[in-house]
Amino acid sequence: SMSAVNSTARNIRRNYSAEELRSMALETRSACIKVLEAASVEAPQDLISHIELATVLYFKHLRYDPVHPQWEDRDRVYWSEHFDRLVLSVVLSGAGFQSLEKALSLSSEKAIIGLETGPESFGHGLGIAAGDALSAKLEGKDYNVISVMGESEQMHGSIWEAAHFAAANQLGNLIGVVIRTSNRIELLADKYASFGWHVILVDGNNVSDI
């Protein structure tokens, strides 16, 4: 696993421990709740379900260079519109893409430095990610592509066409993540498995599990 690397020297900047990641996630959660409450957002807890996942991805597993956000060998994460951009802005500021102040001021904009350009409607992120993963495979690139989706969007857009496409093309460099919002996630897991995917169920708020 690799955290941020220098795109020229390709050296790992730092390898965080599980305890450090857990502490960072808690700090991010606290900062986001304060900002959301200040903006009088109802049920702010509902908007931060992806904090642990984002923290582990950007500080433990993803290969990227915040100095060169468009580095062609970076790992890609396509976040669904289902997920609040404020949380992602705060995580990315900690990853070095921009200052926290700038991240908060730009949180309402579509384009955030460090985020891939994803779909503007539910159910199409997996298709975009699968296309990017196939491109990497055909070009002999070793970057990974991750599509993070909400459970509620699984019956929208082109999710299942993309799932079939990915399995048919054996895209081992593609990971689909579905954030649970109900007690029926096991049925969804079985459906992905029936399409030929390798499925793992984890506690999405547990840093060690992720």
- [ ] Considering (1) touching a Leu at 6+ places or on another chain (Cβ under 8 Å); (2) under 22 Å from I146 (Cα atoms); (3) open to solvent by less than 50 Å² (accessible area, probe 1.4 Å), say which one A25 fails and leave the rest.
- [x] (1)
TODO: Of the numbered conditions (1) part of a loop (DSSP other than H, G, I, E, B); (2) in contact with a Ser or Thr (Cβ under 8 Å, 6 or more places away or on another chain), V202 fails exactly one; give the number of that condition.
DONE: (2)
Task: Meets criteria (in contact with a Ser or Thr (Cβ under 9 Å, 6 or more places away or on another chain), in contact (Cβ under 8 Å) with a residue 24 or more places away in the chain and among the polar types (S, T, N, Q)) for N173 - done: no
Task: Options S89, S80; residue that is polar (S, T, N, Q) and without any contact (Cβ under 8 Å) to a residue 40 or more places away in the chain - done: S89
TODO: Check every one of the helices (runs of 4 or more DSSP H) wholly within the range 33-147 and list those with 3 or more residues that are open to solvent by 10 Å² or more (accessible area, probe 1.4 Å).
DONE: 85-94, 100-105, 125-139
Open item on the list: If I filter the range 167-199 down to residues being at pLDDT below 90 and assigned to a loop (DSSP other than H, G, I, E, B), which single residue comes out as least open to solvent (accessible area, probe 1.4 Å)?
Closed with: S182
Open item on the list: For G131, only one of the following conditions fails: (1) closer than 22 Å to S49 by Cβ; (2) at pLDDT 95 or above; (3) small (G, A, S). What is its number?
Closed with: (1)
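The values are calculated or read from the model by the stated rules, or taken from the named source; none is laboratory data. Not measured: the values here are computed from a predicted model. Positions of Cβ are generated from backbone atoms using ideal geometry, with glycine treated the same way; all protein chains shown enter the neighbour counts. Accessible surface areas use protein heavy atoms only, side chains included; no ligands, DNA or RNA. Shrake-Rupley method; radii C 1.70, N 1.55, O 1.52, S 1.80 Å.
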